[in-house]
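As structure tokens, the structure follows; a few thoughts come after it.
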Amino acid sequence: NDCGYLHNNAGIMAGAPGFDSSFEQELRHWRLTIDVDLFGVIHGLKAFIPTMLERGTEAVVVNTASAAGLSNTAYTPNGTTDMAYTVAKNGVTLLSESLNAAMRHREAPISVHVLCPFGTQSSMGLNTAKFHATGMDEETRRKAVEMAEKRVQNNADAPGTGGQITAESGARMLQ
């Protein structure tokens, strides 16, 4: 019952990148993405905020959205994310802003923040290509997996970064 810090961090992309995924992506992949990326945060808030309010002591909530939580990252034919991911991460941003306003209105000692990183070292894109990409024949999927593996490797091999995202490695990832 003693929780002074909550960090909600959940993410999956289950469709093909780009704006076409808004109407071509299968509904089951929309649901999976929204369930993980948005409802994962909602479930975390519902599990912890009541206890934090009850305690009445200072607490911090950080919800991870993404750069996709600030703008449409599925805005081109190939995009950097699928449309469901962009919608879900925008939802996390708006939810965080609304929750922060609610805490201020209640004069609760809980601060709410949203983290919107541009790229992190993870295998999310690779796992998406391997397990969740929709509307792809086997050859297209194979190429998507190959490209995702290359991006993961390029980031890990970036000199002097220790595998961290830098402007240079981020630019290479987008090529």
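Between Glu26 and Phe118, what length in nm is gained on full extension when 0.36 nm per residue of separation is reduced by their alpha carbon distance?
30.5 nm
Provide the packing ranking of 36-42, 100-106, 6-12, 80-86, i.e. peptides ordered by the mean count of other C-beta atoms within 10 Å per residue, highest first.
With the highest mean Cβ count within 10 Å placed first, the list reads 80-86, 36-42, 6-12, 100-106.
Give a residue-ordered list of calculated ³J(HN,Hα) values for the range 28-34 (Karplus: 6.51 cos²θ - 1.76 cosθ + 1.60, θ = phi - 60°; whole Hz; x for Gly, Pro).
5, 7, 4, 4, 4, 5, 5
What ³J(HN,Hα) values, in whole Hz, does the Karplus curve 6.51 cos²θ - 1.76 cosθ + 1.60 give for the range 98-111 when θ = phi - 60°, with x put for Gly and Pro?
Whole-Hz 3J(HN,Hα) from phi for the range 98-111: 5, 5, 4, 4, 5, 5, 5, 4, 6, 6, 7, x, 10, 9.
Beta carbons within 10 angstrom, averaged per residue: use that to sort the peptides 57-65, 142-150, highest first. Could you put the intermediate results ahead of the total?
Numbers: 57-65: 19.2, 142-150: 15.1.
Highest mean packing first, the order is 57-65, 142-150.
Just to check I understand the Karplus step: with θ = phi - 60° and J = 6.51 cos²θ - 1.76 cosθ + 1.60, what whole-Hz values come out for the range 3-13, glycine and proline as x?
The phi angles translate into 10, x, 8, 10, 10, 8, 9, 9, x, 8, 10 Hz.
Counting Lys and Arg as +1 and Asp and Glu as -1, what is the net charge of the other residues whose Cβ lies under 14 Å from the Cβ of Asn63? Don't skip to the end; give the middle numbers.
Working: positive: Lys46, Lys89; negative: Asp37, Glu97.
That sum, taken over residues with Cβ under 14 Å, equals 0.
Extension gain Leu70-His43, at 0.36 nm per residue separation less the Cα-Cα distance, in nm? Display every interim value, and only then the final one.
Working: separation 27, 0.36 × 27 = 9.72 nm, distance 2.18 nm.
My answer for the length gained is 7.5 nm.
In nm, to one decimal, how far is the modelled label at Glu58 from the one at Glu139, with both set 7 Å along Cα→Cβ?
Reported label-point gap for Glu58 and Glu139 is 6.1 nm.
Since every read-out is calculated from the coordinates, none of them should be taken as a lab result. Just so we're clear, the structure is a prediction, and the values are computed from it rather than from any experiment. No Cβ is skipped: glycine too gets one built from the backbone with ideal geometry, and neighbour counts run over all protein chains shown.
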